[in-house]
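The values are calculated or read from the model by the stated rules, or taken from the named source; none is laboratory data. Just so it is clear, the model here is predicted, and its values are computed rather than measured. Quick reminder, even Gly has a Cβ in these numbers, built from the backbone with ideal geometry, and neighbours come from all protein chains shown. Side chains included, ligands, DNA and RNA excluded: accessible areas come from the protein's heavy atoms. Shrake-Rupley method; radii C 1.70, N 1.55, O 1.52, S 1.80 Å.
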Amino acid sequence: MNESAKTYSVPSEFLEASNIRAEQYASMYAASLADPEAFWGEMGCRLDWITPYTKVKNVSWDKNDLSVKWYEDGVLNVSVNCIDRHLDARGDKTAIIWEGDEPSDSHSYSYRELHREVCRFANVLKAIGVKKGDRVTLYMPMIAEAAFAMLACARIGAVHSIVFGGFSPEALAGRIVDCDSTVVITADEGLRGAKTIPLKANCDAACDIAANAGKPVAKVLCIKRTGGDVAWDTGRDVWYHEAVTSVSDDCPAEPMNAEDPLFILYTSGSTGKPKGVLHTTGGYLVWASMTHEYVFDLKEEDVYWCSADVGWVTGHTYIVYGPLANGATTVMFEGIPTYPDASRFWRVCDKHKVSLFYTAPTAIRALMREGDGPVNATDRSTLRVLGTVGEPINPEAWEWYFNVVGGGRCPIVDTWWQTETGGAMIVPLPGTTPMKPGSATLPFFGVEPALVDAEGNELSGATEGNLIIKQSWPGQMRTVYGDHKRFADTYFSAYPGYYFTGDGCRRDEDGFYWITGRVDDVINVSGHRMGTAEVESALGSHAAVAESAVVGFPHDIKGQGIYAYVTCVAGLEPDEALRKTLIQHVRKEIGPIATPDNIQFASGLPKTRSGKIMRRILRKIAENNFDNLGDTSTLADPTVVGDLIENRLNR
Ligand code: WT7
């Protein structure tokens with residue numbers, strides 16, 4: 001059966017009670033595109049402004065004059081919008097439920113307690129010299145202090161740059177140096193599924209690398225999480241629990257312009273080193289809060305849980321900023337889905353009465369593999385809406401999530417978006433949009449998607465092509481930190497005047513969008529973006545490697561796995577030991593998330609006569625698909641293909 005033929009209608013209990021009614025979506029959507037000034041002018045009022053904006057949108061997507069501004073004369077503070085403004089009505093409401101790695105370990109913070117924690121954290125940052133506009137790097141486990149630190153930065157106008165705890169010291173150092181960050185916040189160790197992660201030791205190593213690059217880190221603020229042994233540099237390192245004893249419980253919030261930076265988040269591209277995606281204050285928060293409210297059909301009494309890590313954009317927008325701006329109760333989870341066993345997610349849902357749950361297809365597939373038993377052992381009756389994000393969800397996993405986890409009651413919101421977009425872009429609304437397993441369905445308000453062919457011709461009707469967005473939305477990234485030209489080159493030069501997503505996409509006869517995956521050299525491993533060029537550069541930095549080419553291949557759980565073809569320097573006979581060494585080397589250079597699943601040693605790589613590696617062929621071979629290799633006659637040495645296939649088959 002054609003996948004798109006299978007449609008699930010909105011569960012009846014949602015039709016009446018949802019925040020957006022079916023008949024409203026079409027008219028609101030049309031209004032949002034027809035008159036963005038009016039539409040977003042009104043939507044901006046969902047925030048508290050110190051100085052209200054008089055201008056709404058000021059955008060040029062001309063790559064030679066690229067400038068994106070929303071609410072540009074408005075003044076506000078993000079932490080005030082996420083905390084202070086709720087204190088009167090929701091002071092005693094739970095803001096954050098923190099669930100630790102061990103099921104016995106959890107703690108709740110009311111909005112009033114959150115206010116105190118964030119003020120104290122902000123005062124500690126000030127005491128160690130952080131000022132408005134400074135970049136502060138966070139390398140933290142999923143503890144409540146990570147959210148306090150983000151909001152504390154926002155409170156004093158510092159710009160946070162979070163580096164996921166699974167990145168190596170080398171990767172952390174690169175990000176510290178790129179944004180000239182002189183303060184790093186970390187913890188002694190992280191905990192994930194009974195494993196400890198040596199965050200402070202990694203941070204120390206990163207500081208050494210940064211110092212050698214001429215960019216010394218002045219202060220490392222360390223949270224005590226496990227009490228494990230750590231090295232200590234008395235001139236540089238500060239224990240948070242010591243510093244916090246001497247600060248006040250109150251910290252005035254810095255008035256920020258709507259276009260002042262809120263955070264930088266590094267993400268991989270098809271070339272070069274990771275880009276520092278910059279998001280600003282006003283438009284981002286409008287987008288984060290509005291999408292969070294509508295996509296999850298948020299109600300005052302909901303308990304909302306996004307299982308992501310704050311090291312990714314999902315954690316920024318949908319653990320911290322969106323939910324807290326909406327005065328919601330948000331769960332932060334330190335652990336992993338399979339510890340202590342494969343029931344953990346659903347036990348946490350029962351324990352905290354979670355009603356809105358958001359996770360990644362890779363987690364759903366990993367849990368589906370464990371069968372229905374661990375799910376059926378739990379109640380889950382509080383669940384209302386289930387979300388997914390990060391990669392296309394295969395219809396089989398969708399059906400399992402819908403039927404087994406949600407008992408057929410809960411709409412699934414498959415949310416397509418990117419680090420660059422700030423929040424959800426193509427997504428069903430739970431009370432409004434019929435669902436098709438595997439489709440992210442229809443655009444959110446203000447989002448005008450289109451499909452184009454390689455030449456940039458817009459395609460109409462049911463078709464497939466490259467996904468572009470035709471007009472700006474408030475949550476979009478503003479620049480690549482320190483490299484505005486790269487911003488223009490990456491997103492606005494392939495199809496002049498439009499934002500290019502890097503994704504391929506199909507549109508069906510009902511106008512529903514089906515993301516087919518990246519069309520550039522970016523792969524998606526467990527919902528995490530990885531540039532093949534980064535892995536190649538890590539491999540290439542090892543003395544044994546002459547050349548390498550990295551591609552993605554279909555992986556049952558991870559979505560895509562990492563497949564590396566490596567040619568060795570002359571005279572070196574590769575063996576199993578070298579394979580292991582190279583895998584370790586990549587883990588050291590980038591981090592465990594970049595661990596190659598396969599390394600195939602090769603005597604040569606397929607190249608055109610001009611020396612360009614033909615990745616199309618390498619992708620097919622990695623997929624074990626040898627029949628459709630396409631035209632290989634332009635290769636400089638067509639015999640390498642036969643060798644590659646033979647070696648693939650022998651493995
Ligand atoms: C890329 C962005 C958005 C936060 C997590 C990833 C893929 C994301 C979906 C989805 C199909 C998806 C795209 C996109 N992607 N969500 N629902 N269906 N593909 O953020 O690391 O910036 O990656 O993830 O390929 O371009 P990111």
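With 22 Å as the limit, the listed pairs Lys470/Lys620; Lys215/Lys485; Lys126/Lys219; Lys69/Lys470; Lys69/Lys132; Lys132/Lys485 have Lys470/Lys620; Lys215/Lys485; Lys132/Lys485 beyond it between alpha carbons. Based on the Kirkwood radius over alpha-carbon pairs, what is the Stokes-Einstein translational diffusion coefficient of the chain at 10 °C with 1.306 mPa s viscosity, in µm²/s? It comes out at roughly 62 µm²/s. Stokes-Einstein diffusion for region 509-569, with the hydrodynamic radius set to the Kirkwood value over Cα pairs and evaluated at 20 °C in a medium of 1.002 mPa s, equals 165 µm²/s. If you take the Cα centroid of region 238-270 and the Cα centroid of region 412-449, the two points sit 30 Å apart. Under 5 Å between amide hydrogens, built in the peptide plane, is the criterion, and for Val277 it picks out Leu265, Tyr266, Thr267, Tyr481 among residues at least 5 positions away or on other chains.
Heavy-atom surface analysis with a 1.4 Å probe gives region 137-265 a carbon and sulfur content of 51 percent of its accessible area. Relative to the current alpha-carbon distance between Arg609 and Asp453, full extension at 0.36 nm per residue lengthens the span by 53.5 nm.
Here the accessible area is traced with a 1.4 Å probe on the protein chains. For region 449-561, carbon and sulfur cover 48 percent of it. Absence of a disulfide-compatible partner, taken as no other cysteine beta carbon within less than 4.7 angstrom, is noted in the chain for Cys45, Cys82, Cys153, Cys179, Cys203, Cys207, Cys222, Cys306, Cys349, Cys410, Cys505, Cys568. With a Förster radius of 45 Å applied to the C-beta separation of Asn647 and Lys6, the computed FRET efficiency comes to 0.65. For Asp350, the shell of other residues with beta-carbons less than 9 Å away shows a net charge of +3, using +1 for Lys and Arg and -1 for Asp and Glu. Ordered by 1.4 Å accessible area with all protein chains kept, Met142, Met43 run largest first as Met43, Met142.
In the context of the full protein assembly, Ile50 retains an accessible surface of approximately 100 Å², using a probe radius of 1.4 Å and ignoring ligands and nucleic acids.
Residues in the chain average 36 Å² of solvent-accessible surface per residue, probe 1.4 Å, ligands and nucleic acids excluded. Sorting Arg518, Arg192, Arg365 on solvent-accessible area from highest to lowest, probe radius 1.4 Å, gives Arg192, Arg518, Arg365.
Report the local net charge at Leu629: Lys and Arg +1, Asp and Glu -1, summed over other residues whose C-beta lies under 9 Å from its C-beta. Net charge around Leu629: 0. Quotient of the Cα radius of gyration of region 526-647 and 2.2 N^0.38 Å, N being its number of residues: 1.03.
In order along region 207-221, the Karplus-derived 3J(HN,Hα) couplings, from 6.51 cos²θ - 1.76 cosθ + 1.60 at θ = phi - 60°, round to 4, 4, 4, 5, 4, 5, 7, x, 10, x, 7, 7, 9, 10, 9 Hz, and Gly and Pro are given as x. The 1.4 Å probe gives accessible areas that order Ile156, Ile336, largest first, as Ile336, Ile156. Here the relative contact order of the chain, from alpha carbon pairs under 8 Å that lie six or more residues apart, stands at 14 percent. The tail of the calculated P(r) for region 1-96, taken as Cα-Cα distances beyond 17 Å, holds 71 percent of the pairs. Around the Cα centre of region 526-647, unit charges on the Cβ atoms of Lys, Arg, Asp and Glu (plus for the first two, minus for the last two) sum to a dipole of about 420 debye.
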